[in-house]
Amino acid sequence: DTAVSQTPKYLVTQMGNDKSIKCEQNLGHDTMYWYKQDSKKFLKIMFSYNNKELIINETVPNRFSPKSPDKAHLNLHINSLELGDSAVYFCASSQTQGARVKLFFGSGTQLSVL
Amino acid sequence: AQSVTQLDSQVPVFEEAPVELRCNYSSSVSVYLFWYVQYPNQGLQLLLKYLSGSTLVKGINGFEAEFNKSQTSFHLRKPSVHISDTAEYFCAVSEIQGAQKLVFGQGTRLTINP
């Protein structure tokens, strides 16, 4: 079983559309994240949820809205997509106690905005 | 705030040669240090981490890294590389206190030539 799974793997869409990326983890972790990797491979955190509570919210346009229905899921909804949103989006999870800050990453969602 | 600089964007080496990937960080507080590896079209996997104790840490796949506090460095080494080590390598830091947020370097593309 995949520990952190994201869907879809590829997403191609037109400017102005609204799209969602889903993420699920079966590791029993209490913290989940969204990271954005740009075309130069630079990775930057966007959001983090701990027990369904938003704990990290970096400077991200409010067109991006994360939603955590439960500890095992963290979805990312993007409104009014722009060309600059094209990137690979990674979901990750970790457990607060124990192996602190060891993140488990999903395999990424490549978003292409045309 | 923390920052991470990976001094080489690309490192080509021949198979069975030694390699060192350089990482320097900047932080006003104590940090944990990490190296992650990203194979093509995959998410990131943890190679090794430094939390405390011995400054030489060993990770998976024969990699090791040494924490040097005075030089604020955490260079990654492997004495003999294999074709399968071809990947993107990311150095990262996280504050010991506070929210679990990894700050990544720009990545180093390691290419192993036969």
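The values are calculated or read from the model by the stated rules, or taken from the named source; none is laboratory data. Everything quoted here is computed from the prediction, not taken from an experiment. With ideal geometry, Cβ positions are generated from the backbone for all residues, glycine too; neighbour counts draw on all protein chains shown.
Take the conditions over 30 Å from B:Ser52 (Cα atoms), touching a Ser or Thr at 6+ places or on another chain (Cβ under 7 Å) and within 14 Å of chain B (Cβ to nearest Cβ) and apply them to A:Gln6. Does it pass?
The answer is yes for A:Gln6.
Being within 21 Å of A:Ser93 (Cα to Cα) and of a type in the set (Asp, Glu) is the filter; apply it to the range B:73-114 and report the residue that is farthest from the other protein chains (Cβ to nearest Cβ).
Result: B:Glu95.
Out of curiosity, is B:Val93 in contact with an Asp or Glu (Cβ under 9 Å, 6 or more places away or on another chain), crowded, with 20+ Cβ neighbours inside 10 Å and either closer than 21 Å to A:Asp30 by Cα or among the aliphatic types (A, V, I, L, M) (or both)?
no
Limited to the range B:27-78, what total is found for residues that are aromatic (Phe, Trp, Tyr) and surrounded by fewer than 18 Cβ atoms within 10 Å (Cβ to Cβ)?
Matching residues across the range B:27-78 total 1.
Among the residues of the range B:70-114, count how many are within 17 Å of B:Leu7 (Cβ to Cβ), of a type in the set (S, T, N, Q) and touching a Phe, Trp or Tyr at 6+ places or on another chain (Cβ under 6 Å).
3
Kindly evaluate B:Phe67 against the criterion of being of a type in the set (A, V, I, L, M, F, W, C), without any contact (Cβ under 8 Å) to a residue 40 or more places away in the chain and closer than 15 Å to B:Val4 by Cα.
For B:Phe67, the condition - of a type in the set (A, V, I, L, M, F, W, C), without any contact (Cβ under 8 Å) to a residue 40 or more places away in the chain and closer than 15 Å to B:Val4 by Cα - is met.
Could you grab me the full set of residues in the range A:58-114 that are in contact (Cβ under 8 Å) with a residue 60 or more places away in the chain and away from every other protein chain (no Cβ under 14 Å)?
A:Ile78, A:Asn79, A:Ser80, A:Leu81, A:Glu82, A:Leu83, A:Leu111, A:Ser112, A:Val113, A:Leu114 - these are the residues of the range A:58-114 that are in contact (Cβ under 8 Å) with a residue 60 or more places away in the chain and away from every other protein chain (no Cβ under 14 Å).
How many of the residues in the range B:104-114 are closer than 16 Å to A:Lys40 by Cβ and in a loop (DSSP other than H, G, I, E, B)?
Residues in the range B:104-114 being closer than 16 Å to A:Lys40 by Cβ and in a loop (DSSP other than H, G, I, E, B): 3 in total.
Looking at the range A:10-25 only, could you name the residues that are within 13 Å of another protein chain (Cβ to nearest Cβ) and surrounded by fewer than 14 Cβ atoms within 10 Å (Cβ to Cβ)?
Listed by number, the list holds a single entry, A:Tyr10.
Would you mind listing the strands (runs of 3 or more DSSP E) fully within the range A:26-114 where at least 3 residues are buried (at least 19 other Cβ atoms within 10 Å of the Cβ)?
A:31-37, A:43-50, A:73-78, A:87-94, A:109-113
Given the residues B:Thr108, B:Thr72, which is the only one that is in contact (Cβ under 8 Å) with a residue 12 or more places away in the chain and touching a Lys or Arg at 6+ places or on another chain (Cβ under 9 Å)?
None of the others qualify; the one that does is B:Thr108.
Rundown of residues vs (1) farther than 19 Å from B:Val103 by Cβ; (2) among the hydroxyl-bearing types (Ser, Thr, Tyr), yes/no style:
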residue: A:Met15; (1), (2): yes, no
residue: A:Lys41; (1), (2): no, no
residue: A:Lys52; (1), (2): yes, no
residue: A:Arg63; (1), (2): yes, no
residue: A:Leu83; (1), (2): yes, no
residue: A:Val88; (1), (2): no, no
residue: A:Thr96; (1), (2): no, yes
residue: A:Gly106; (1), (2): yes, no
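Just checking, does the range A:64-80 include any residue being modelled with pLDDT of 90 or more and under 17 Å from B:Gly105 (Cα atoms)?
No, the conditions are met nowhere in the range A:64-80.
Is it the case that the range B:60-68 has a residue that's out of contact with any Gly (no Cβ under 6 Å at 6 or more places or on another chain) and either within 27 Å of A:Asp30 (Cα to Cα) or basic (Lys, Arg) (or both)?
Scanning the range B:60-68 turns up at least one residue that is out of contact with any Gly (no Cβ under 6 Å at 6 or more places or on another chain) and either within 27 Å of A:Asp30 (Cα to Cα) or basic (Lys, Arg) (or both).
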